[in-house]
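The values are calculated or read from the model by the stated rules, or taken from the named source; none is laboratory data. All of these numbers come straight from a predicted model, not from anything done at the bench. Reconstructed Cβ throughout: ideal geometry from the backbone, glycine too, with neighbour counts over all protein chains shown.
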C-alpha cells in the first residue's frame, strides 16, 4: 500500500550561478517554500541523451526530493519555473513503505506554513 510520501528525481546541470551550484539554489528554494521536506544532491553524474535529433552529453547533479502526494503538482510546476532546461527531467515515484516516523516527518515538512 502506498504512503502519502513521494520521491521525485530531477537532474540539473552541474553549473554555478553566482558561485552557488544550481542544484543547491533549487534545493534551498523547494525546501524553503515547503514544497519538499528534504533534497539530496548527488553530484558527478554524466548524462548521455537524445535531444533534437542529436546525442548530447552533459555533467549534471541528481536531486532526490522527498515530498507529500498533495504537493507534487505545485512542486513540479515550481521546478519547471526555476529550471534552466526547456524540458527538465521530473520523475515522481510512490513510496510503498518506510519508517513511520520518517514518513510523518516528510509530511509535516511539506505542510503549508
Notebook entry, point to check: Got a number for residues in segment 1-20 being modelled with pLDDT under 90 and either touching a strand residue (DSSP E or B) at 6+ places or on another chain (Cβ under 7 Å) or surrounded by 21 or more Cβ atoms within 10 Å (Cβ to Cβ) (or both)?
Noted result: 2
Checklist line | Complete set of residues in segment 21-51 that are out of contact with any strand residue (DSSP E or B) (no Cβ under 8 Å at 6 or more places or on another chain) and either part of a loop (DSSP other than H, G, I, E, B) or surrounded by 14 or more Cβ atoms within 10 Å (Cβ to Cβ) (or both) | finding: 29, 33, 34
Next item on the list: Could you tell me whether any residue of segment 69-88 is part of a strand (DSSP E or B), within 21 Å of residue 111 (Cβ to Cβ) and modelled with pLDDT of 95 or more?
Entry: no
Check: Out of (1) in a loop (DSSP other than H, G, I, E, B); (2) out of contact with any strand residue (DSSP E or B) (no Cβ under 7 Å at 6 or more places or on another chain); (3) surrounded by 12 or more Cβ atoms within 10 Å (Cβ to Cβ), the odd one out for residue 98 is which?
Finding: (2)
Next item on the list: Determine whether segment 52-66 contains at least one residue that is modelled with pLDDT of 95 or more, closer than 16 Å to residue 108 by Cα and buried (at least 18 other Cβ atoms within 10 Å of the Cβ).
Entry: yes
